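FYI, it's all coordinate maths here, none of it is from the lab. None of these values were measured; they are calculated from a predicted model. Backbone-built Cβ (ideal geometry, glycine too); neighbour counts: all protein chains shown.
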Amino acid sequence: MSQFDKPSSTWLKLIRQPSSLIGGCISVIAFLLAITGYWISPDSSPDANRMIVEIASRSPGFTQQFLLIPKSPRPASVSWWERTLNGQPDSYSYLPIGDFHQQGDTLYVQQFIDDGLYEERTFLLSALHSFQTGIRPPDSPQVALKSENNSIGRNSYIKQQRFLLGTDKFGRDILSRLIIGTRISLMVGGIAMILSLTIGLLLGTLAGYYGGKLDALIMWFINVIWSIPTLLLVFAITLLLGKGFWQVFIAVGLTMWVNVARLVRGQLIAVRNLEYVEAAKALGYRDWRIMVKHILPNIMGPVLVVAAANFASAIVVEAGLSFLGVGVQPPQPSWGGMIKENYNFIITNNPMLALAPGFAIMLLVLAFNLIGNGIRDALDVRS
């Protein structure tokens, strides 16, 4: 009988574990943030890469007023699916301002340069409106006055934004990059887990079931990979494949299968001579059917625990690679990259720039470790 013959009982045990509930809630929130990131983040531009250098390195809770200047030509609108995946290019340039007032069709603003330093600039509201609508700016005062009567007000182009976690050294919103960076960590963890399970289950099953020279060859290969430090192996694979988004996923995944293979091999050796396996052989079933349909379902409990641990480990490894500059490349937001860009601020009055992504990594790794512990307890997996 498989450990999963009574799924309702297993799930009941799992949800009764406080640790798995906490870890599950954190992971669900992370998945929702990853999916809806570009819809809920304050900066919905691709990679949350809206740079406003005048407000760089601001503390959490900083509030700034902006004049929204329509871009010309205006970026094309993207589909719902495209925005969900890659964001929506900004249709406006964000100009930080202080005080402002309007006289007729002219808007006078104090452009923010630095703390206590402003520069006065003027803008025609009718020109701003014409760029927004795609109509040529008016050449005569009469047309401008008509545009003003059509309720082109200053509030249409003034926006006040609060940066809950502050801004980085390029003036980008930390909260937005933290939200968008969630999908990088989850994708690395997911792909690394899939690769480790695929390779580990295949090699471990073959070694444990057949034994002999095949077992010796596979174990020799496992020991060679096991002897190489993980980061050095990832560096080698990254240098071979190149730096990039998908390369780091593959590099991390190809280093995480050893634990799975060793575990599966040990489990196969323990169960390959049990009665139900001998009965399956006596009935004339093929080896692949015995392994896939009879043996693997009965040993998946420990494998799932290791898979959850690999998910968490992959997140840490990816963060380390991005911190060292060989992981996900800028301007794509990565939690490790954010720490690298802002770790100098830890000893200043604005440590949250580096602490925020550090706390995010800690919470996500803790969540998947708690899920692994909950699976172990629910399936009665022995340590």
Review point. Of (1) 22.9; (2) 25.3; (3) 17.9, which one was derived for mean projected area of the Cα convex hull in nm² from the structure shown?
Key: (2)
Check your understanding: Which order do ASP168, ASP47 fall in if you start with the one that has the fewest other Cβ atoms within 10 Å?
Key -> ASP47, ASP168
**Study point:** Degrees, to the nearest 10: 352-378 long Cα axis against longest axis of the chain
**Key:** 30 degrees
Point to revise | Calculated [θ] (222 nm, deg cm²/dmol) that DSSP helices of n ≥ 4 give over the chain, each run adding -39,500 (n - 2.57) | key: -19000 deg cm²/dmol
**Study point:** Angle between the chain longest axis and helix 174-210 axis [Cα atoms, degrees, rounded to 10]
**Key:** 20 degrees
**Study point:** region 283-383: C-alpha pair distances exceeding 20 Å, %
**Key:** 56 percent
Practice item. Please sort 231-239, 300-308 by packing, taking for each peptide the average over its residues of neighbouring beta carbons within 10 angstrom, highest first. Key: 300-308, 231-239
Practice item. Holding the Cα-Cα limit at 30 Å, pick out from LYS213/LYS281; LYS71/LYS169; LYS213/LYS293; LYS71/LYS243 the pairs that are longer than that. Key: LYS71/LYS243
**Study point:** Protection proxy ranking of 175-187, 269-281 - average other beta-carbon atoms within 10 Å, highest first
**Key:** 175-187, 269-281
Exercise for review: Can you tell me the 0 to 90 degree angle between the C-alpha axis of helix 212-227 and the longest principal axis of the chain, rounded to 10?
Suggested key: 40 degrees
